Amino acid sequence: MKELLRDLLMPPDFIPHGHCYLWNPGLVWLHALSDALTAIAYYSIPLMLLYFISQRKDLPFPSLFWLFGGFIVLCGTTHLVDIWTLWYPIYWLSGTLKAATAVLSLYTAAELFPLIPQAITLPSHGELEVANEKLAREVIERQQAELALKDSEAKFRSIFEGASIGIEIIDLTGKTVARNPALQQMLGYTESLRWSFPTDADGDRHSPIKTRDRRQIEQEYLHWERDYYQMEKRYLCKDGHLLWCHVTGYLVRDSEGNPQFGIRMVEDITAHKRALKELQNYQERLEDLVVERTAFLSKVNEQLTWEATHDALTGLINRREFLQRLEAAVVNDRKQNQQHTLCYLDLDRFKIVNDTCGHAAGDELLRQISTLLQTHIRQTDLIARLGGDEFALLLYNCPLNKALQVAHSLKEAVQTFRFLWQDKSFTIGVSIGMVTANNYYVCGNGAFQNPEKLLNAADAACYQAKNSGRNRVQVYQPDERELSQQQTQGEWLSKINQAIGEKDLAEPENLSPQILSLPENRFSLYYQPIVSLSSPQNIKPYYEILLRLIDQKGNVIPPMAFLPAAERYSLMPTIDRWVIRHFFAILAQQEMEILNDSLYTINLSTGSVNDKDFIDFLKEQFSVYQIRPQTVCFEITESVAVANLNKTSKLVSDLKTLGCQTALDDFGNNISSFSYLKDLPFDYLKIAGDLIKKVLDDPINLEMVKTINKISHMMGMQTIAKFVANHMILEKMADISIDYVQGYEIAPPRPLQVRPNSLYQESLLAKRCC
């Protein structure tokens, strides 16, 4: 070895064996160095291929790389052997290596040839980049799809977990995949516990479900003949009770329409079912109640029908029913040429019983008298209570001569009747007016055209019997003037009843302009200013409220035409209340400043003075319409005050306590009135119009007015002169220091307009009149 190294490195004259390189050492070293470097290169290439193959498991044709690596290793070895052969001939070894190299290279070439077509099909670098970009996009899309799927799953999970109704997910085999908490809580089970299954349609419970039978049962139940179904089922809960549920099933399919899984929505409708059952029971009960109520209403209707046609106190038919039967009887029976007689009965001295013992005694007397009258007439005759102590009797097919006998027998029976109340005994009588129905109930030349007028005729005859001494029987005579006058009063009664029979208004805002001026037989309010003579521009406006009746033709009827009839039939208290209620409704529409700046006076009748409930009624009206009592003054005539001195004194005192002012009307007709004037603390004194009208012509009248004015001022009362018809009377009243004047010289009565603040305009007009 030392020799070899010495020969290689040191002797410059070394000659390689077997080669002729001109025996030039530099040339020899050139060959040796080139072969060495080539061998090194050959050996490095297989190493790099080996590393490459180890790193790329997906390389195509890996065997070819191994063959190519082996070939290169052999090539490198032959170059090393060539260097060695320069000094030591080893030609057999060199040839053997070269043969092996040739064989391996030929084998590699043979293996490479069939792989050429496959290698050609391998994508190029550009194709690989395109494929990589496409693959990257697919990866991104897949990632986005996965994120969307995760988001959708999260939303579904949120809905699934948070839903208030039960949700169950079932696979295609019928196996439950998941149940949400609501369903678990609904039935009282958890995922780890065995679940019940819906009952069959008839509601009988299933026997406990065995594990081996569960799948079969669920597959039979989840028979997806359609993608959607609804049904009602009962579930067996853990605690053993049955729960009615509304089940909605959905079959979920993929994008290609293949079934994936089922979703079952379970909603508890037990309360709904219970409510339906209760509703059914309630409806059944309601039907029973309807039957009962129908029967009850039938009885009530019968009762109401009876009450509508009968008098509740006596049990007799009432005025309305009597008039209908009277009309039917007369019209029908006139065709058969029958004669009927109508009687009007008014009890005498009934007021004594009522005033002495009270209304309870009066009611009992009326009941006993009704029974007494019925015992003295035939069952075919018709008797009715018209109101108060007045009765009507229709004697069917009874001529006047026989009717007179019946009437006298009734009079005798009532006269001999003794009414006992507690320790008192009373004797009463009856006045009877009679009219032959058929002779006068005609539309031609006869006197009467309706049953009301026929009844008025009998009433007129009864009134004449009372005026002739009471406890009498009077037959109607159409030629007698007095009876005709009484008949007229009866006709006024019908008109007054129509006027006050309208529905009163309870609230001021419901008042319409038409209510006080209706087209047929209706009351209407008027007003007339009362003006101060001392300072008419500074004294607050003062008005008297008046009542008028409008007939069918629109004519204004003065009060003295219908008030006597109202007095006779005790309708004045009702009329007074009508006036107060409707006038307060008008006042309620005015502004408060206007209300406080005015004074309004309203007349009261004898009935209201004697009405113990009048003050309560007045308080109620002040409260309903929010009217200040200080703005209202009530007038009472001298004749009423004298006849009812004690009650007038109490009423005046009550009105003052309430805050109202009072006035004594028509004073001076009786000079003796001064004797009681000091006991009646009125605020105003209205001097009688008969005295005022004659002050210019009669000195005595003038002195009387002066005296009344002076005494009134001494007593703290202000005076009002009525009927100031001209300017001379007005000046005379100013000369003698009368406080207020009223009359046509100041302003005539005018209709009271129903509109807000209209009274303010009227007050300005009244002031201009002076």
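The values are calculated or read from the model by the stated rules, or taken from the named source; none is laboratory data. What you see is a predicted model; the values in this text were computed from it and never measured. Backbone-built Cβ (ideal geometry, glycine too); neighbour counts: all protein chains shown. Remember, those area values only see protein heavy atoms, side chains included, never the ligands or the DNA or RNA. Shrake-Rupley method; radii C 1.70, N 1.55, O 1.52, S 1.80 Å.
Quick one: how many residues across segment 401-416 are under 16 Å from TYR476 (Cβ atoms) and open to solvent by 80 Å² or more (accessible area, probe 1.4 Å)?
Total satisfying the criteria: 1.
Does any residue of segment 715-723 turn out to be open to solvent by less than 20 Å² (accessible area, probe 1.4 Å), touching a residue at least 24 places away in the same chain (Cβ under 8 Å), of a type in the set (A, V, I, L, M, F, W, C) and not in a loop (DSSP other than H, G, I, E, B)?
Within segment 715-723 (the criterion being open to solvent by less than 20 Å² (accessible area, probe 1.4 Å), touching a residue at least 24 places away in the same chain (Cβ under 8 Å), of a type in the set (A, V, I, L, M, F, W, C) and not in a loop (DSSP other than H, G, I, E, B)), the answer is yes, since at least one residue qualifies.
What are the residues in segment 462-476 that are among the aliphatic types (A, V, I, L, M) and at pLDDT 90 or above, if any?
Result: VAL473, VAL475.
If LYS612 satisfies every condition in (1) farther than 22 Å from MET715 by Cβ; (2) open to solvent by less than 50 Å² (accessible area, probe 1.4 Å) but one, which is the exception?
Every condition holds for LYS612 apart from (2).
Please give the number of the condition ASP683 fails out of (1) of a type outside the set (Lys, Arg); (2) out of contact with any helix residue (DSSP H, G or I) (no Cβ under 7 Å at 6 or more places or on another chain); (3) open to solvent by less than 20 Å² (accessible area, probe 1.4 Å).
Of the numbered conditions (1) of a type outside the set (Lys, Arg); (2) out of contact with any helix residue (DSSP H, G or I) (no Cβ under 7 Å at 6 or more places or on another chain); (3) open to solvent by less than 20 Å² (accessible area, probe 1.4 Å), the odd one out for ASP683 is (3).
Which residues, counting only those in segment 134-174, are assigned to a helix (DSSP H, G or I), open to solvent by less than 60 Å² (accessible area, probe 1.4 Å) and within 21 Å of GLY262 (Cβ to Cβ)?
If the condition is that a residue be assigned to a helix (DSSP H, G or I), open to solvent by less than 60 Å² (accessible area, probe 1.4 Å) and within 21 Å of GLY262 (Cβ to Cβ), then PHE160 is the only one that fits.
Restricting attention to segment 724-751, which residues are open to solvent by 60 Å² or more (accessible area, probe 1.4 Å) and in contact with an Asp or Glu (Cβ under 8 Å, 6 or more places away or on another chain)?
Within segment 724-751, ALA725, HIS727, ARG750 qualify.
How many of the residues making up segment 316-331 are surrounded by 19 or more Cβ atoms within 10 Å (Cβ to Cβ) and either among the aromatic types (Phe, Trp, Tyr) or free of Cβ contacts under 8 Å to residues at least 24 places away in the same chain (or both)?
1
Sort out which residues of segment 641-663 are within 19 Å of LYS686 (Cα to Cα) and within 46 Å of the chain's Cα centre (by Cα), and write them in order of number.
LEU651, LEU655, LYS656, CYS660, GLN661
Within the set of pairs 6+ apart or on separate chains, which have a first residue in segment 90-108 that is over 12 Å from PHE71 (Cβ atoms), a second that is loosely packed, with under 12 Cβ neighbours inside 10 Å, and C-beta atoms under 8 Å apart?
TYR91/GLY18
Criterion first (closer than 30 Å to GLN422 by Cα, touching a helix residue (DSSP H, G or I) at 6+ places or on another chain (Cβ under 9 Å) and of a type outside the set (D, E, K, R)) does ASN337 satisfy it?
no
I'd like the residue in segment 28-52 that is within 20 Å of TRP66 (Cα to Cα) and free of Cβ contacts under 8 Å to residues at least 24 places away in the same chain and, out of all such residues, is surrounded by the most Cβ atoms within 10 Å (Cβ to Cβ).
This residue is LEU49.
Identify the single condition in (1) part of a strand (DSSP E or B); (2) aliphatic (A, V, I, L, M); (3) farther than 17 Å from ALA461 by Cβ that VAL435 does not satisfy, given that it satisfies every other one.
(3)
Determine which single condition ASP346 fails, assuming it passes every other condition in (1) in contact with an Asp or Glu (Cβ under 8 Å, 6 or more places away or on another chain); (2) closer than 17 Å to GLY433 by Cβ; (3) not in a strand (DSSP E or B).
Result: ASP346 passes all but (3).
Is it true that LEU313 is open to solvent by 20 Å² or more (accessible area, probe 1.4 Å), in contact with an Asp or Glu (Cβ under 7 Å, 6 or more places away or on another chain), under 30 Å from LEU420 (Cβ atoms) and at pLDDT 90 or above?
yes
Run down THR314, THR270, THR294, THR305 and say which single residue is within 39 Å of the chain's Cα centre (by Cα) and closer than 30 Å to ALA458 by Cα.
Selected residue: THR305, the only one of THR314, THR270, THR294, THR305 that is within 39 Å of the chain's Cα centre (by Cα) and closer than 30 Å to ALA458 by Cα.
Okay, residues lined up against (1) over 20 Å from LEU455 (Cβ atoms); (2) among the aliphatic types (A, V, I, L, M); (3) surrounded by 14 or more Cβ atoms within 10 Å (Cβ to Cβ):
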position: THR341; (1), (2), (3): no, no, yes
position: ASP355; (1), (2), (3): yes, no, no
position: GLY362; (1), (2), (3): yes, no, yes
position: ILE377; (1), (2), (3): no, yes, yes
position: ASP381; (1), (2), (3): no, no, yes
position: GLY387; (1), (2), (3): no, no, no
position: TYR396; (1), (2), (3): no, no, yes
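Against the conditions (1) at pLDDT 95 or above; (2) in contact with a Lys or Arg (Cβ under 8 Å, 6 or more places away or on another chain), where does ASP597 fall short? Just the number, please.
Every listed condition holds for ASP597 apart from (1).
So which residues in segment 111-133 are open to solvent by 60 Å² or more (accessible area, probe 1.4 Å), under 14 Å from PHE61 (Cβ atoms) and in a helix (DSSP H, G or I)?
If the condition is that a residue be open to solvent by 60 Å² or more (accessible area, probe 1.4 Å), under 14 Å from PHE61 (Cβ atoms) and in a helix (DSSP H, G or I), then GLU111, LEU112, PHE113, PRO114, ILE116, PRO117, GLN118, ILE120, THR121 are the ones that fit.
Just give me the residues in segment 228-279 being surrounded by 15 or more Cβ atoms within 10 Å (Cβ to Cβ), among the charged types (D, E, K, R) and assigned to a strand (DSSP E or B), in sequence order.
LYS233, ARG234, ARG264, GLU267, ASP268
Among the small types (Gly, Ala, Ser) and assigned to a loop (DSSP other than H, G, I, E, B): is that true of GLY315 in this structure?
For GLY315, the condition - among the small types (Gly, Ala, Ser) and assigned to a loop (DSSP other than H, G, I, E, B) - is met.
Against the condition open to solvent by 10 Å² or more (accessible area, probe 1.4 Å), within 27 Å of ASN456 (Cβ to Cβ), aliphatic (A, V, I, L, M) and modelled with pLDDT of 90 or more, how does VAL556 come out, does it pass?
On the way: open to solvent by 10 Å² or more (accessible area, probe 1.4 Å): yes; within 27 Å of ASN456 (Cβ to Cβ): yes; aliphatic (A, V, I, L, M): yes; modelled with pLDDT of 90 or more: no.
The answer is no for VAL556.
Look through segment 391-414, keep the residues that are among the polar types (S, T, N, Q) and out of contact with any Asp or Glu (no Cβ under 9 Å at 6 or more places or on another chain), and return whichever of them is farthest from LEU365 (Cα to Cα). Steps first, please.
Of all residues in segment 391-414, those among the polar types (S, T, N, Q) come to 397, 401, 405, 409.
Those left that are additionally out of contact with any Asp or Glu (no Cβ under 9 Å at 6 or more places or on another chain): 401, 405, 409.
Numbers: ASN401: 30, GLN405: 24, SER409: 19 Å.
Only one residue tops the list, namely ASN401.
Against the definition (within 17 Å of GLN474 (Cβ to Cβ) and open to solvent by less than 10 Å² (accessible area, probe 1.4 Å)), how does VAL430 come out, yes or no? Full working, then the answer.
Details: within 17 Å of GLN474 (Cβ to Cβ): yes; open to solvent by less than 10 Å² (accessible area, probe 1.4 Å): yes.
So VAL430 fits the description; yes.
So how many residues does segment 622-637 have that are open to solvent by less than 10 Å² (accessible area, probe 1.4 Å) and closer than 30 Å to ASN354 by Cα?
Here the count works out to 3.
Give segment 69-101 a look and list any residue that's modelled with pLDDT of 80 or more and open to solvent by 70 Å² or more (accessible area, probe 1.4 Å), or say none.
Listed by number, the residues that qualify are LEU80, TRP84, TRP92, LEU93, THR96, LYS98.
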